[in-house]
Amino acid sequence: IDTAHFTPQPAPPERPFRVLMIARLLYMKGFEVALAAHALLRKEGLDIELVICGGPDEDNPSAIPPSVVDGWAKQTGVRFLGQVSDVRGEIAKAHVLIHPALGGEGLPRVLMEASACERPLIASDVAGNSDIVVDGENGLLVKPGDPRALADAIAWMMRHPEERAGMGVKGRARVLEKFASHHVAESYSGLYREIMNATR
């Protein structure tokens, strides 16, 4: 992650509480979970908005049909922005980034990007997500496929602004320590040196 490109952002106004999800439009990314959690919170009277950035991936077997997305977009407090070339503006306007994937993740880049901008994370406790999100430190991990667990985590973030801000700061520190571009470059350089030395 280029931590000079993804930089700390000031906190947005507290209301409405904006939850951001950035992902390709695939069922495996947990969109149904996110929308169900959002509906639960709206039903409970919380002033919350779910903003979704992401384009289609029609060749993927997990692709969500446009007609389904159009139906979801009609829900109160839900906004689909489509593919966004530079997500920094949307991260800046969000209070928390969620990634409720059902599995099959690598290292989700979006989690690192949001952390570098000092935004706390909520992610499903699956491989990849749990390599980036340390529960209670830079975000919260929730049971995959569980809208109630996701809704409760979002509500906690909404009700604890100081802790939320602290998670954001710790998240950027973790990215700087483990995922910043120069660390990755140094790791690859070290690996290449080992390979070259071993072949001599």
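Observations on the model:
- Candidate set from region 107-131 (those that are closer than 19 Å to residue 154 by Cα and of a type in the set (Gly, Ala, Ser)); member that is most open to solvent (accessible area, probe 1.4 Å): 130
- A Cβ distance below 9 Å, combined with a sequence gap of six or more or placement on separate chains, defines the contacts here; from region 6-20, residues that are under 19 Å from residue 38 (Cα atoms) reach residues that are of a type outside the set (A, V, I, L, M, F, W, C) and open to solvent by 80 Å² or more (accessible area, probe 1.4 Å) in the pairs 18/93; 20/93.
- Residue 32, sole failed condition from (1) part of a loop (DSSP other than H, G, I, E, B); (2) out of contact with any helix residue (DSSP H, G or I) (no Cβ under 7 Å at 6 or more places or on another chain); (3) open to solvent by 10 Å² or more (accessible area, probe 1.4 Å): (1)
- Whichever residue in region 48-66 is open to solvent by 70 Å² or more (accessible area, probe 1.4 Å) and either among the charged types (D, E, K, R) or at pLDDT 95 or above (or both) and, among such residues, is farthest from residue 12 (Cα to Cα): 59
- Selection from region 90-106 of residues that are open to solvent by 40 Å² or more (accessible area, probe 1.4 Å), modelled with pLDDT of 95 or more and more than 19 Å from residue 147 (Cβ to Cβ): 93
- Among the candidates 42, 79, the residue that is modelled with pLDDT of 95 or more, of a type in the set (Lys, Arg) and either more than 26 Å from residue 152 (Cβ to Cβ) or touching a Ser or Thr at 6+ places or on another chain (Cβ under 7 Å) (or both) is uniquely 42.
- Taking region 89-189 as the region of interest, the helices (runs of 4 or more DSSP H) fully inside it that hold 3 or more residues being over 13 Å from the mean Cα position of the chain (by Cα) are 147-159, 161-178.
- The residues of region 55-88 that are of a type in the set (S, T, N, Q) and out of contact with any Cys (no Cβ under 8 Å at 6 or more places or on another chain), listed by number, are 60, 62, 67, 75, 76, 85.
The values are calculated or read from the model by the stated rules, or taken from the named source; none is laboratory data. This structure is a prediction, so every number in the text was calculated from the model and none was measured. Neighbour counts are summed over all protein chains in view; Cβ atoms, including those assigned to glycine, are modelled from backbone coordinates with ideal geometry. Protein only, heavy atoms only, side chains kept; ligands, DNA and RNA dropped before computing areas. Shrake-Rupley method; radii C 1.70, N 1.55, O 1.52, S 1.80 Å.
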